[in-house]
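Report on the structure given below.
Values in this text are rule-based calculations from the coordinates and carry no lab data. Remember, it's a predicted structure, so these values are computed and weren't measured experimentally. Virtual Cβ from ideal backbone geometry, glycine too; neighbours counted across all protein chains shown.
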Amino acid sequence: MSDTIDLIVIAYRDMAQAGEIFAKLDRLQKEGSASVITAATLVKDYEGKTTTEASLDVAHKKGTRYGALAGGLLAIVAPPVGIAGLLIGTLGGAIVGRKLHKKPERNFTKDFLEEVLAEMQGGSSALVVLTESEAAPSTKVALAAFGGEVIHHELSAEALDQLARTSAAAQVAMDSTARDETAVAETKEVLRQGTRREGPLFERVLVIVNPASGQNETILNTLNTVFRATEVEWDIALTKKSGDASRLAQEAAAAGEVDVVAAYGGDGTVMEAAAGLIGSDVPLAILPGGTNNVMSVELGVPKALVDAAALIGGAPARIRPVDMGRLNDQLFILRVGIGYEAVINETADREMKDRLGGFAYTLAGIKALKDPPLAHYKLTLDGQVEEIEGLWVMIANSASLGAPNLNLVQKIDVGDGLLDVIVVRQRDLDSLLSVVTSIADVEWAGKPLPHWQVREVTVEADPPMAVTGDGEIWDPTPLVASVIPQAVNILVPA
């Protein structure tokens, strides 16, 4: 088995052409004119949206090392949403970015493929191939015969290591997807057999849907199937602008016409709906539907829509009181990020996330490290003053990294009546490396980060720093944040 691997990318000005060549790879393999470890097609439509297709058959036949490299390639060109959430992307960007700063050559596969994605025009496609270096010349000639612009280079040892690490993260996501598919099948079978009434009883639900959420899926049929089977009356309302989810939830609770309000969307939609229910006895149900769904992961809400909706229909469930936070005159349910995380969110705008998915955050993290937002922070923590140099300050109700049981700081409770203040200094990036490279191991051995639990915190920064709350860009420092204990009741699995 060769110790060196080459990456060949062939770009076409036609959306179908890479797929057509991809379909001919098996014949090229049998002829001996090409030797492929794995291959993927990238397609960018006229609106700029990128999609991928790929096969691991060849890699599986050749053994686990090739399978790991192939899995890593696929995780890069089509990162799983659950693993490529905001903080995973941030930390990945931090680590990869530091190495890129030291070696700016095209040694790192993520950086190289991101350049390919960025340079592709609408209505184009590309074929991405991993091959053994000794077979690369003949493979390149065979593929180049079909036209297109050929980009070819040998991957460094660092790049191969990166592929293997990325593959481990991808395997976690694939295992999770397989479990979700099994759970969906089980839920549908139970619904066919009859209504389950093991949890709280709800007869009327308003589903607030954010149509701009990150996942492109048909939801009405699924909701109708679940609610008809469980005899729940339901209605739907669409958000059109910021603040709509809060207003709709508040109006529904005040009218007394629903037993539960459900929010379909990402964390921003969940936060808004929760804000509208503060002070109400009406609970909130989360139907994950965004690019990132950190709060649903934090609370154990199933990712599959059919299972999440079944909690409303009587699947084993309970009501859990959850805190929220107030920053100046704005509310948050997850966290406030100051400095580095805020710069990430400013860079990874909606167009970039639509085009690249979760990898948009990794790219933004790399860019932010070219001029890291370091500041001198003065923190007033329930009256106690601490001063510290930092790259990133987090005021967290939840410190979940978007994967089950994986948190930046362990043992944070979203219902303990406290906010957690966490500081990432520039030197802490080395200890955070273990989060990125050992994502399957929830017990990572990094050094503890500076961490305080408070009811109120004032943050001053020199120079003033950008601020993000639950993914939205807010006014920069200084700021005052406080906890709202048990602000909203949320429906979670029993």
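What does the net charge come to around ILE208 if you take all other residues with beta carbon closer than 12 Å to its beta carbon, with K and R at +1 and D and E at -1? Display every interim value, and only then the final one.
Values: positive: LYS240, ARG247; negative: ASP235, ASP244, GLU251, GLU272.
With Lys, Arg at +1 and Asp, Glu at -1, the neighbours total -2.
According to a simple spin-label model (label point 7 Å from Cα along Cα-to-Cβ), what is the distance in nm between ARG228 and GLU251?
2.8 nm
Counting Lys and Arg as +1 and Asp and Glu as -1, what is the net charge of the other residues whose Cβ lies under 11 Å from the Cβ of VAL454?
Every neighbour counted, the sum reads -3.
What full-extension length gain, to one decimal in nm, is calculated for GLU472 and ASP416 as 0.36 nm per residue of separation minus the Cα-Cα distance?
Value of the extension gain: 17.7 nm.
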